[in-house]
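Let me begin by presenting the structure, written as C-alpha cells, before commenting on it.
The values are calculated or read from the model by the stated rules, or taken from the named source; none is laboratory data. What you are looking at is a predicted structure, and each value in this text was computed from that prediction instead of being measured. Here the Cβ positions follow ideal geometry from the backbone for every residue, glycine too, while neighbour counts run over all protein chains shown.
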C-alpha cells in the first residue's frame with residue numbers, strides 16, 4: 001500500500017512537467033546561395049576579382065603552349081639507340097630541366113588558384129557574417145523561432161521565404177567587401193635551445 005501511495009505521489013508531481021509542451025516552431029527560409037551570389041557586395045567583389053582570374057587564365061595558356069612545344073622538341077630530338085653517350089647525357093639533362101620547369105609552372109598555377117579561392121572564401125565569410133544579424137532581426141519581427149537554408153526543404157510556401165528581405169537590407173548594410181584575406185598569423189619562432197650544462201670536474 002505504501003509503495004502504491006508513493007507511486008501515485010510521484011505521478012502527480014510529474015504530470016505538470018509532462019503537460020508543458022514546447023511552442024510550435026515558426027520557420028523562415030533563406031536561400032543562402034542567392035543571398036551570396038546576387039548581393040551587391042558579391043557582385044562588386046566579382047568585378048574586382050575578375051582581373052586576377054583573367055591573368056591566371058592567360059598565364060596558364062602561355063605555360064601550356066610553351067611547355068607543349070618544348071615537350072614536342074624533346075621527343076623529336078631524342079637520341080636514337082646507339083647514339084654517343086655524351087649526346088644521350090645532354091638530352092637527359094634537357095629532359096630534367098624541362099621537368100623542373102614543368103613542376104615550377106604547376107606550383108605557380110596552384111599558388112595563384114589558391115590565392116583566388118582564398119579571396120572567394122573571404123568574400124563569402126564577410127557576406128555571411130553581415131547577414132546573420134539581419135536574419136536574426138527579421139526572425140524577431142516575424143516571430144520566427146528558426147531560420148533554415150531553403151536548399152534543405154522539399155516544399156514550402158513563398159510566405160516563409162525571407163531571402164528578398166535579407167538581400168534588401170544586406171545591400172544597404174554591406175554594399176562592398178574586401179577581396180584581400182587577412183594575413184595568416186606568423187608562426188611562432190622556435191624556442192632557443194637550453195644552454196648546455198657545464199662539464200663536471
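Observations on the structure shown:
- Verdict on residue 126 being modelled with pLDDT of 95 or more and either assigned to a loop (DSSP other than H, G, I, E, B) or surrounded by fewer than 13 Cβ atoms within 10 Å (Cβ to Cβ) (or both): no
- Scanning the range 150-179 for residues that are more than 18 Å from residue 126 (Cα to Cα), in contact (Cβ under 8 Å) with a residue 24 or more places away in the chain, within 25 Å of the chain's Cα centre (by Cα) and surrounded by fewer than 17 Cβ atoms within 10 Å (Cβ to Cβ) gives 151, 153.
- Single residue of 79, 85 found to be more than 30 Å from residue 114 (Cβ to Cβ) and in contact (Cβ under 8 Å) with a residue 12 or more places away in the chain: 79
- There is at least one residue in the range 24-36 that is out of contact with any helix residue (DSSP H, G or I) (no Cβ under 7 Å at 6 or more places or on another chain), without any contact (Cβ under 8 Å) to a residue 24 or more places away in the chain and under 30 Å from residue 130 (Cα atoms).
- The residue list 89, 113, 96 contains one member that is assigned to a helix (DSSP H, G or I), within 26 Å of the chain's Cα centre (by Cα) and either at negative phi or loosely packed, with under 14 Cβ neighbours inside 10 Å (or both), which is 113.
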